[in-house]
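Chemist: The structure follows.
The values are calculated or read from the model by the stated rules, or taken from the named source; none is laboratory data. Everything numeric in this text was worked out from a predicted model, so none of it was measured. Every residue, glycine as well, gets a Cβ built from its backbone with ideal geometry; the counts of neighbours run over all protein chains shown.
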Amino acid sequence: MMIHPQYDPVALSLGPLEVHWYGLMYLLAFAAAYGLAWYRSTKRDNWTTDMVSDLVFYGALGVILGGRIGYVLFYQFGELLQNPAYILKSGKAVCLSTAALSASC
């Protein structure tokens, strides 16, 4: 039997807004990716900072949308078959993949 540490998934609570640890990790990852790409763009002639901003933005958007689509396909497929608009519903699955500040799910 494996023993897993029990920790509070909420890093900071500001009234109804909760900042989760996994959200902070998403924020850190996106900031690190942006910082590294920006640094590399200064070393290359054919990269611009606008290209770097677009790359990180579309990458973050892909993570959020991909997380939602993956969650619905793998964990809520029956609900999706009954109601295809379910994929657009905000809720717990969105919180699993959104960046730094996620509302209480």
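Chemist: Yes or no: Val94 assigned to a helix (DSSP H, G or I), surrounded by 15 or more Cβ atoms within 10 Å (Cβ to Cβ) and at pLDDT below 90?
Modeler: yes
Chemist: Related question: Here's a check for you: in region 1-52, which residue that is touching a helix residue (DSSP H, G or I) at 6+ places or on another chain (Cβ under 7 Å) and touching a residue at least 24 places away in the same chain (Cβ under 8 Å) is nearest to Gly67 (Cα to Cα)?
Modeler: Phe30
Chemist: Follow-up question, since we're still on this one. If I go through region 1-52 residue by residue, how many of them are assigned to a loop (DSSP other than H, G, I, E, B) and either within 17 Å of Val63 (Cβ to Cβ) or of a type in the set (D, E, K, R) (or both)?
Modeler: Total meeting the criteria: 3.
Chemist: Under 7 Å by Cβ, and 6 or more places apart or on different chains, what pairs join a residue from region 65-77 that is free of Cβ contacts under 8 Å to residues at least 24 places away in the same chain with one that is exposed (fewer than 13 other Cβ atoms within 10 Å of the Cβ)?
Modeler: That search, which allows pairs on different chains as well, returns nothing.
Chemist: If we keep just the residues of region 53-91 that are in a loop (DSSP other than H, G, I, E, B) and either at pLDDT 80 or above or crowded, with 16+ Cβ neighbours inside 10 Å (or both), which is nearest to the chain's Cα centre (by Cα)?
Modeler: Filtering first and then ranking leaves Lys89.
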